[in-house]
Amino acid sequence: MKTKDFPYFVFGFEEFNQTQAKVIPKIIDGYNLVVACPPGTGKTAIAEAAYGFHFSRNPQAKSAYVCPFRALGMQKLKDWQNSCFKKYGVCYIGGDSKQGFKDIDDNGLSIFTSESYDIYSRHTKSVFSCVCFDEAHLVGDEDRGARYESGIINSAHVLQLILLSGTMPNPRDLGVWIKGLTGNKTCVVNDAWTKNKVGIRFHYCERNRYDAKLTELIKGYRGEKTIVFVHSRQTGKEVLKRLRKGGFRCCFHHGRLKAGDKDAIERLFLDGGSGLDIVVATSTLSAGINS
């Protein structure tokens, strides 16, 4: 399926991949969508196609994007403010943002963290015609699951719900739930296809012992973009100290940083010529950075 055959959004590529080609026609047919496919399959294009379609039907329509982490939301804000969505207005609403619920009225596309959308949907009947929940596998998460589930339930009246995930274990169960919740036809796509071959290797270090093994491991990826995830700020400080002692330039991204400092780290990491190729991060960055 050629992207030019979908006139509601201008994509930066010529042809939809096989997952996108299955899903995007269902947007026009008014289906709710539950899409489970591997990372790197282009799930964002599905959300963009849906938003573009709703704006084409009604330029005054409002859509929402819900994600778990500030870093992911801010990345989408930058991307969509530089796309054809700019003319409709794009805002970001999170715990540390300058924009709030009042800004929904002036923008066609609102980006929420799951916590912010939960608060909004509990106290206000959603004005959105389309709501996309990214990282939707978090419905079952011990910490964030209740926020996601509440937001979805409170959006049952929305014209089109879209749930996207790269690691959803039970998409058909979620599809049955969404169909029963909304009463609308729902399409479930559980596709293993991916253009990217992803390999996973585990390296074990004893608790609280970040010895030469860590430095040697990172040396093998010198010059490549690398994120080292840690479970706590204290652990992150120890890892950062070890890496800097080994001669690496790196920064620590965590929840206690000011918003401007987070942005600076993310910009430097994305800049191929900045020299910052390693970021130590807590879960605030666990959705990753597209480099």
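Each value in this text was obtained by applying a stated rule to the coordinates, not by laboratory testing. Note that the structure is predicted; figures quoted are calculated from it, not measured. Here Cβ is always computed from backbone atoms with ideal geometry, including for glycine, and neighbour counts include all displayed protein chains.
Kirkwood Rh, Cα Rg: Rg to Rh for the chain?
Here the Rg-to-Rh quotient is 0.98.
How do the peptides 108-115, 122-129 rank, highest first, by the average count of neighbouring beta carbon atoms within 10 Å per residue?
Highest to lowest by the protection proxy: 108-115, 122-129.
Using only Cα atoms, what Kirkwood radius does segment 212-285 have, in angstroms?
12.4
Just need the relative contact order of segment 92-174 here, percent rounded to a whole number, with Cα pairs under 8 Å and 6+ apart.
Contact order relative to length: 29 percent.
Please work out how much length the chain gains when fully extended from Phe229 to Glu142, using 0.36 nm per residue of separation minus the C-alpha to C-alpha distance, in nm with one decimal.
29.4 nm
Using only helices, what value at 222 nm comes out for the chain when you add -39,500 (n - 2.57) per DSSP H run of length 4 or more and divide by the total residues, to the nearest 500 deg cm²/dmol?
Here the helix-only value at 222 nm equals -10500 deg cm²/dmol.
Treat segment 62-155 as a sphere of radius equal to its Kirkwood radius over Cα pairs and apply Stokes-Einstein at 4 °C in a medium of 1.567 mPa s; give the translational diffusion coefficient in µm²/s, rounded to a whole number.
Once the numbers are plugged in, D ends up at 99 µm²/s.
Hey, fewest Cβ within 10 Å first, where do Phe13, Phe53 land in order? Mind showing how you got there, number by number?
On the way: Phe13 10, Phe53 22.
Listing Phe13, Phe53 from fewest to most nearby Cβ atoms yields Phe13, Phe53.
Going by how many other Cβ atoms sit within 10 Å of their own, how do Met1, Met168 line up, fewest first?
With the fewest neighbours first, Met1, Met168 line up as Met1, Met168.
In cubic angstrom, how much convex hull volume per residue do the alpha carbon atoms of segment 1-132 span? Please report the intermediate quantities before stating the final value.
Working: hull volume 14.9 nm³, N = 132.
In segment 1-132, the Cα hull volume divided by residue count equals 113 Å³.
Enumerate the whole-percent occupancy of each 10 Å bin, from 0 to the last occupied one, for all C-alpha pair distances of segment 106-169.
Result returned by the calculation: 22, 58, 19, 1.
Count charges around Gln60 for me, please; just the other residues with Cβ under 13 Å from its Cβ, Lys/Arg as +1, Asp/Glu as -1.
Computed value for this residue: +1.
Please compute one quarter of the surface area of the Cα convex hull for segment 12-86 and express it in square nanometres.
Convex hull of Cα atoms, orientation-averaged projection: 5.6 nm².
Give me Ser116, Ser83 ranked fewest to most by other Cβ atoms within 10 Å of their Cβ, as a rough exposure proxy.
Least crowded to most crowded, the residues run Ser83, Ser116.
Return one number: the angle in degrees, 0 to 90 and rounded to the nearest 10, between the long axis of the Cα atoms of helix 233-245 and the longest principal axis of the Cα atoms of the chain.
Result, in degrees: 50.
With everything on Cα atoms, drop me the angle between helix 70-81 and the longest principal axis of the chain, reported from 0 to 90° to the nearest 10.
Helix 70-81 sits at roughly 60 degrees to that axis.
Could you work out the local net charge near Lys185, counting Lys and Arg as +1, Asp and Glu as -1, over the other residues with Cβ closer than 12 Å to its Cβ?
Once all neighbours under 12 Å are counted, the net charge is +1.
What order do you get for 59-69, 90-100 when each peptide is scored by the mean count of other beta carbon atoms within 10 Å, highest first?
Most protected by this proxy first, the peptides run 59-69, 90-100.
Let's test the formula: R0 of 51 Å, r as the Cβ-Cβ distance of Ser150 and Asp5. What FRET efficiency results, to the nearest 0.05?
0.85
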